[in-house]
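Have a look at the structure below before the remarks.
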Amino acid sequence: MTMSNKLFILILFVGLNIQAETTIIYAGELLAVPGEKVLKQQTIVIKDKSIKQVIGGYENASDIDKNATVIDLKNSYVLPGLMDMHVHLQGELGPDRVKDQLKMSDQLKGMRSTYYGMKTLLAGFTTVRDVGSDSQYMYAYRDAVNNGWVDGPRIIAAGGVGITGGHADISGVKPDLMEFYTDKSICDGPYDCRRAARNAIKYGADWIKITSTGGVMTQRATGTGQQMESDELEEVVLAAKRMGRKVASHAHHEDGIIAALEAGVASIEHGTYTGPKAIKLFKKTGAYLVPTLLAGDTVVKMAKNTNILSPAVKEKALKVGTDMKGNFIKAYDAGVKIAYGTDSGVSIHGTNAQEAVLMVEAGMPAMAVIKSATVSAADLLGMSKNIGTIEVGKYADIIAVSQSPVKNIEELLDVDFVMKEGRVYKNK
């Protein structure tokens, strides 16, 4: 037998005898399934990134695996990793935003995304849906996280599709720069928008993000009413559906919300002026509302206290940001499904849990808020088999806080423990 053959056999033998590391968590209080009963004194057994057992009582670790790593959270409140369905990891609103757009290289912008991603993960958000970054670099970041090459939250990356002159198009710079920065995702008419959706999926989009109405941050006074036509919306949704993708629609005014829901989108982002007709469509279609109250709160404060926003943006910010809370709680009370989302990037990355505080202040019960950031978010993503609860067979995405966030939602502002897929990222 040659030396190379002996080495191969040795490697094979060693590989066959490697056993996955076992981690055991002792949880004082465990909200395994948000919306259901809190369990006391539970043992969670983790192996191969996944939850293998959830046992009542504190099981002797040596009886499970004598080599197991034990994490003592007996004095903590343990719950599933949180999820944010509306983030922009590549940037952050601030005084240097325009300068960064002009001076920062795409490569450096991509590296900055990893910084914002880690701030998000350490805040307790183990999964995010990014809905509007430079797609190629966001897909690369997503894939690098999935491959274990860099650390970060699990990323579901949406490719954008918008119309010429609409909210998703470049604005606020001189014409030659607008021409240079106009993306291939910008379209006109139903068939061109079909092309744009297919193109986004071709290059790696997990979702499609559209803008059926105008937006607050568009650097011109175009309002927040409907912009994409119904035939354009329908073609994007159909093209995405044919290729196994869902569509999320930015929408403020009810005309654009209704048009997007009629086209078949899976979620409405912001939904500021959701009214009775839109509520009926939400309930009929089963679409989710992703409220982003934190974005509204952020831009109102910026409009009142800084000179960061242009006059056109400031006017919209004060109106839309002020109106968000009241219409959100009307939709929730009417039975519209809610999935948690912040629009971080408008707000500061890592402060994602502030959304939960605002939702409770608006009138949504704390348990329902936590469910929107776990069970409901997983359902929206179509990933309920893998994430959203602490149950056997699911990824070990687990966080812990000192006291019950159901009793005091502000506990989520200071997460003590973060685990994603069985790996500990934070343990105070």
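A short reminder: the numbers here are calculations on the coordinates, not readings from a lab. Just so you know, these numbers come straight off a predicted model, no measurement behind them. Note: ideal-geometry Cβ built from the backbone for every residue, glycine included; neighbour counts use all protein chains shown.
For the chain, take the longest principal axis of its alpha carbons; what is the angle in degrees between that and the long axis of helix 106-122, to the nearest 10 within 0 to 90? Here the helix axis deviates by roughly 60 degrees.
Please rank Glu411, Glu21, fewest neighbouring Cβ atoms within 10 Å first, as an exposure proxy.
Working: Glu411 20, Glu21 13.
Least crowded to most crowded, the residues run Glu21, Glu411.
The separation of the range 325-369 from the range 194-265, counted between C-alpha centres, amounts to 22 Å. Entry note, the chain: the mean residue ellipticity at 222 nm calculated from DSSP H runs of n ≥ 4, each adding -39500 (n - 2.57), is -12000 deg cm²/dmol after division by the residues and rounding to the nearest 500.
Cβ crowding within 10 Å ranks Ser62, Ser113 as Ser62, Ser113, fewest other Cβ atoms first. Backbone N atoms of the range 149-166 closer than 18 Å to the 7 Å Cα→Cβ label point of Met111 belong to residues 149-152. Candidates Ile398, Met138, Val415 compared by Cα position along the dipole of the chain: farthest toward the positive end lies Ile398, with charges placed on Cβ. Sorting the segments 302-310, 399-407 by their residues' average number of neighbouring beta-carbon atoms within 10 angstrom, most packed first, yields 399-407, 302-310. Computed about the Cα centre, the dipole magnitude for the range 82-381 is approximately 360 debye when only Lys and Arg (+1) and Asp and Glu (-1) carry charge, each at its Cβ.
Apply the a/c threshold of 1.5 to the C-alpha gyration tensor of the range 248-404 and tell me whether it is rounded, prolate or oblate. Walk me through the numbers before you get to the answer.
Details: a/c = 1.96, a/b = 1.24, b/c = 1.57.
The shape class here is oblate.
What angle do you read, to the nearest 10 degrees and between 0 and 90, between the alpha-carbon axis of helix 276-285 and the longest principal axis of the chain? With both axes taken from Cα atoms, the answer is about 40 degrees.
Please state the shape class of the range 338-386: rounded when a/c is under 1.5, otherwise prolate if a/b exceeds b/c and oblate if not, all from the C-alpha gyration tensor. Numbers along the way, then the final one.
On the way: a/c = 2.63, a/b = 1.27, b/c = 2.06.
Oblate, since a/c reaches 1.5 and b/c is not below a/b.
Spin-label model, Glu36 to Arg423: label points 7 Å out along the Cα-to-beta-carbon direction sit 2.9 nm apart. Taking Cα atoms only, the orientation of helix 293-305 departs from the longest principal axis of the chain by about 60 degrees. When DSSP beta bridges are restricted to pairs lying wholly in the chain, around 40% turn out antiparallel.
Rounded, prolate or oblate: which one fits the chain, using the alpha carbon gyration tensor with axes a ≥ b ≥ c (rounded when a/c is under 1.5, else prolate when a/b beats b/c, else oblate)? Before the final figure, lay out each step's value.
On the way: a/c = 1.91, a/b = 1.46, b/c = 1.31.
Because a/c hits 1.5 or more and a/b exceeds b/c, the chain counts as prolate.
Comparing Thr274, Met302, Met364 along the charge dipole axis of the range 82-381, the residue lying farthest to the positive side is Met364, per the Cβ-charge model. Normalised by the number of residues in the chain, the mean separation of alpha-carbon contacts (under 8 Å, six or more apart) gives a relative contact order of 19 percent.
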